[in-house]
Amino acid sequence: MSASGANGTAVASSPGLMAGIALISGSSLMLELTLTRIFSVVLFYHFAFLVVSLALFGIGVAGIVLYVRQRAYRPEKMQRALSFHALGFGLTVIISLWVVLTKKVAPGFGWESIFDLSVLYLVAALPFFFSGMCLTLAITLLKEQVSRVYFFDLSGAALGCLLTIPALNILGGPTAVLAAGALGASSAVFFVLRQGRRFVVALGIAILLWGVVGLDAGAGIFKVPSVKAIDERQVIFSRWNSFSRVTVSKTPEDFLWMNIDSDAATRIFNASAYKNGSRASMRFSETRLASLVYAVRNGGHALIIGPGGGADVIGALMRGVAKVTGVELNPIIATDVMKENFSKYSGGLYTTDNVEVVVGEGRSYIRRADKQFDSIQATLVDTWAATNAGAFTLSENTLYTVEAFSDFLDHLTEQGVLSMTRWLRHPPREFVRLISLGIAALNLKDIKNCGRYFFVAADQRMASFLLKRTPFSAEELTILRETCRRDGLRVIYDPDSPLRRGDLIGELIRSEDPSSIFEKHPLDISPPSDNRPFFFYTIKPGDFLGQMFGGSREKNDLGVQILANLLLIVAVAVLLFILVPLFVFRRQDLKGFRLKKSLSLLFFISIGVGFIGLEISWMQHFVLFLGHPIYALGVVLFVLLLASGVGSFLTTKIEAQQAIKNLGPSVLMLGAVVLIYGFLLGPLFRAFVGLPLFVRVLVSVVLLAGPGLLMGRMMPLGIKTLTAHFPEMVPWAWGVNGAASVFGSVLAVAVSMNSGYRATQIVAALVYFAGVGLFCLAFRQSTSKQQT
């Protein structure tokens with residue numbers, strides 16, 4: 001099979017060529033996802049979102065390079081060019097990995113941070129430029145077969161998504177990155193099959209890169225540096241999976257530190273700290289504070305969400321709790337650390353008869369549970385680690401929403417108690433938000449006067465609130481006060497105590513109108529919902545822009561300032577690497593720039609923004625239903641990419657003259673689906689989250705396949721229309737689509753954080769409508785004339 005190139009020369013499109021396209025596309029996505037893990041470990045987890053824009057920016061620059069230098073890439077030399085850039089991808093991955101592991105970035109919004117981030121951005125973008133060149137060359141020189149090429153592109157990316165999970169689990173972060181590079185370099189072999197010396201060179205370099213992978217897997221050439229809270233010299237255990245790096249470090253005391261992504265920490269106590277009558281584990285005030293709930297609920301069945309190294313489990317057992325169930329999100333923590341490698345050290349804590357620790361997401365576990373608990377406890381369940389999905393908002397979990405707290409109350413016994421422990425900062429933000437969630441959950445149960453349903457205590461750094469389904473009795477309050485006095489804890493809120501002046505927590509609990517307090521407070525302390533579950537994001541929407549370019553350096557706010565840095569860097573990079581080359585090298589093309597060309601570029605911009613917007617918001621939204629961030633990543637990304645590839649393939653027989661007529665119905669159907677999903681996904685997920693996992697995966701596949709098929713039609717139909725009128729613009733359109741997706745990803749994050757998932761999906765659909773509508777209006781008349 002062959003297609004006509006830019007100058008009319010026949011270009012072969014062999015099975016080997018298509019296999020190479022799939023391989024380089026899959027390798028590029030695998031690199032994107034594995035780099036997300038590296039960024040989360042060596043930098044703050046917010047930086048992981050940077051990788052999304054790196055990949056899309058590389059594609060954008062590649063498109064413009066090919067547009068301004070079309071004569072340098074003649075059709076008869078396509079396979080050699082593809083092989084060259086595939087090998088460039090593999091080699092620059094090594095450079096990028098070294099820079100990412102060694103380059104430190106200053107936090108906040110300032111020139112030092114911008115400079116550091118710019119260096120990191122440009123170097124890390126190099127591999128994506130080379131993979132982008134491969135895909136842009138294929139789309140440009142095989143544009144008459146765009147439906148088939150785009151199918152292999154997206155299908156390869158879908159397979160790369162699936163390959164990422166076992167690669168990280170087996171190889172670990174740095175080695176998995178190198179494997180992505182070696183896999184991409186291997187595509188060069190397929191591009192030059194039966195080309196003698198070029199084939200031998202490509203094969204030799206690919207083998208060399210696979211050798212580097214093997215060497216790193218065995219000897220650890222690329223090591224994670226000592227960053228954040230971790231001194232790597234003290235690490236005695238380290239393991240990666242697709243959403244974390246877990247380390248265990250030795251200390252001179254009777255406990256070990258376990259860290260997730262070099263940051264979030266939990267203690268693993270030695271058996272001597274709590275067995276044989278020892279109370280050494282209780283010497284830490286936070287341990288006594290977290291176990292306060294068991295002073296009034298020490299019988300029956302306790303559920304602990306995120307038990308980590310087991311401090312909460314020890315607290316429950318020492319208070320006399322008969323049965324403890326822990327729900328731990330991370331299988332490395334629950335199994336590899338606590339049940340295997342450090343089981344003996346911890347005295348078999350997770351394998352005792354009255355302790356059961358299961359791997360799962362707390363919210364989904366509770367929704368599926370057919371029993372009630374005497375207490376539900378969660379202590380500092382943070383998510384300072386990015387999933388492979390790449391956006392920092394994706395690391396938010398769904399534990400801290402009104403719907404979640406309502407689920408917690410529903411699964412408590414009549415006298416059951418919910419205990420939540422978090423940092424008590426000044427001014428208080430996240431802890432006050434916990435109180436707001438408790439009030440909202442009680443309001444859903446038609447409880448308006450909440451004053452006697454809460455008890456709040458604190459040490460010097462953090463606080464715990466106890467929330468009952470029924471009012472606290474006088475006897476229970478007496479026990480809690482005595483326990484606080486004995487354990488050296490402060491009582492922050494007591495139903496029987498008068499309010500102190502300026503007591504925000506007390507005022508909020510006893511307020512008949514909490515919304516008035518929310519409005520007056522400078523931070524957003526209103527209760528998050530499943531539609532907008534960003535508990536740690538406490539900036540009011542009206543203050544968003546101001547915070548982006550200044551404001552506090554609170555850890556919770558770093559993501560917003562990083563978003564500002566990223567937006568500035570991307571804007572400058574797009575200007576320098578995409579717009580400037582057009583004015584310098586192809587200025588004549590911009591003279592007399594026709595309306596149809598402008599609308600053509602607007603179309604490719606809109607489908608780039610729309611696609612990434614829907615993809616990101618659905619990945620976020622499906623976490624609740626599938627019960628784990630990595631399931632959401634794997635299912636949503638894989639199904640959308642594969643379905644979009646199939647949608648592209650189904651346009652193969654549509655001629656260029658008919659392409660414009662097929663765009664309108666496609667975008668109308670997509671808009672209808674998005675509108676329906678925006679309002680029905682939430683209730684649907686809450687209704688069916690109790691189904692077995694494989695059933696929920698099947699439901700997700702059905703829900704995503706339809707819109708994926710429609711989204712996959714837009715690109716090939718647009719390329720066919722453009723080829724019929726302005727064939728020289730194809731690489732420019734492809735590059736602009738990639739660059740627009742960079743801004744689209746930032747926009748999707750910003751809209752989700754401030755307005756919620758539903759708004760993000762509707763905005764993405766409107767962008768689709770605008771771009772496709774104007775494109776159809778511009779070309780429908782000329783298409784009709786051609787047919788006449």
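Once the 1.4 Å probe is applied to the protein heavy atoms, the range 62-209 comes out at 37 Å² accessible per residue.
Between T470 and K653, the modelled label-to-label distance comes to 7.0 nm, taking each label 7 Å out from Cα in the direction of the beta carbon.
In order along the range 15-28, the Karplus-derived 3J(HN,Hα) couplings, from 6.51 cos²θ - 1.76 cosθ + 1.60 at θ = phi - 60°, round to x, x, 5, 5, 5, x, 4, 4, 5, 5, 5, x, 5, 5 Hz, and Gly and Pro are given as x.
Packing around the peptides 602-614, 399-411, taken as the average count of other Cβ atoms within 10 Å per residue, puts them in this order, highest first: 602-614, 399-411. Here the calculated FRET efficiency for S516 and S14, from their Cβ-Cβ distance with R0 = 45 Å, stands at 0.05, rounded to the nearest 0.05. For the chain, the longest principal axis of the Cα atoms and the long axis of helix 197-219 meet at an angle of about 10 degrees. From largest to smallest, the equivalent ellipsoid semi-axes obtained for the range 49-98 from the alpha-carbon gyration tensor read 23, 16, 7 Å. The mean accessible area for residues of the range 590-722, using a 1.4 Å probe and ignoring ligands and nucleic acids, is 35 Å² per residue. Working note: Debye formula, equal point scatterers on the alpha-carbon atoms of the range 634-788, no solvent; log10 I(q)/I(0) at q = 0.11, 0.15, 0.20 Å⁻¹ is -0.51, -0.89, -1.40.
Start at zero, step by 10 Å, and the Cα-Cα distances of the range 307-373 spread as 21, 54, 24, 1 percent across the bins. The share of accessible area on the range 458-512 that comes from carbon and sulfur is 47 percent, using a 1.4 angstrom probe.
Compute the acute angle (0 to 90°) between the alpha-carbon long axis of helix 126-141 and the principal axis of greatest extent of the alpha-carbon atoms of the chain; round to the nearest 10°. That helix lies at roughly 40 degrees to the long axis.
Remark: the range 690-702, residue by residue, has Karplus-estimated 3J(HN,Hα) of x, 5, x, 4, 5, 6, 5, 5, 4, 4, 5, 4, 5 Hz, where x stands for each Gly or Pro and the curve is 6.51 cos²θ - 1.76 cosθ + 1.60 at θ = phi - 60°. Helix 558-574 and the longest principal axis of the Cα set of the chain meet at an angle near 10°.
Computed extension length for T251-R69: 59.6 nm, one decimal, from 0.36 nm per residue of separation with the Cα-Cα distance subtracted. At a probe radius of 1.4 angstrom, the accessible area of the range 282-330 per residue rounds to 21 square angstrom. Ranked from largest to smallest solvent-accessible area, with a 1.4 Å probe on the protein heavy atoms, L163, L289 come out as L163, L289.
Under 17 Å of direct C-alpha separation, and excluding same-chain neighbours fewer than eight residues apart, K653 reaches these lysines: K143, K661, K720. Taking all protein chains together and a 1.4 Å probe, the residues R245, R283, R71 rank R71, R283, R245 from largest to smallest accessible area.
Computed from backbone phi, the HN-Hα couplings of the range 265-274 come to 10, 8, 7, 10, 7, 5, 4, 5, 7, 9 Hz, rounded to whole numbers (Karplus: 6.51 cos²θ - 1.76 cosθ + 1.60, θ = phi - 60°; Gly and Pro given as x).
Given a Förster radius of 35 Å and the C-beta distance between T413 and A229 as r, what FRET efficiency does 1/(1 + (r/R0)^6) yield to the nearest 0.05? So the FRET efficiency works out to roughly 0.35.
Share of carbon and sulfur in the accessible area of the range 630-739 stands at 78%, probe radius 1.4 Å.
Simple spin-label estimate for A759 and R780 gives 3.2 nm between the two label positions (7 Å along the Cα-to-Cβ direction from each Cα).
The slack in the chain from K77 to L684, taken as 0.36 nm per residue of separation less the alpha-carbon distance, amounts to 213.3 nm.
Estimated from helices alone, the mean residue ellipticity of the chain at 222 nm is -19000 deg cm²/dmol (sum of -39500 (n - 2.57) over DSSP H runs with n ≥ 4, per residue). Taking 7 Å steps out from each Cα toward its Cβ at T335 and A672 produces label points 4.4 nm apart. Under 5 Å between amide hydrogens, built in the peptide plane, is the criterion, and for R245 it picks out D261 among residues at least 5 positions away or on other chains.
The values are calculated or read from the model by the stated rules, or taken from the named source; none is laboratory data. Remember, predicted model here, so these are calculated numbers, not experimental data. Note that each Cβ is placed from the backbone with ideal geometry, even for glycine, and that neighbours are counted across all protein chains shown. Accessible surface is based on the protein model in full, side chains and every heavy atom, while ligands, DNA and RNA are left aside. Shrake-Rupley method; radii C 1.70, N 1.55, O 1.52, S 1.80 Å.
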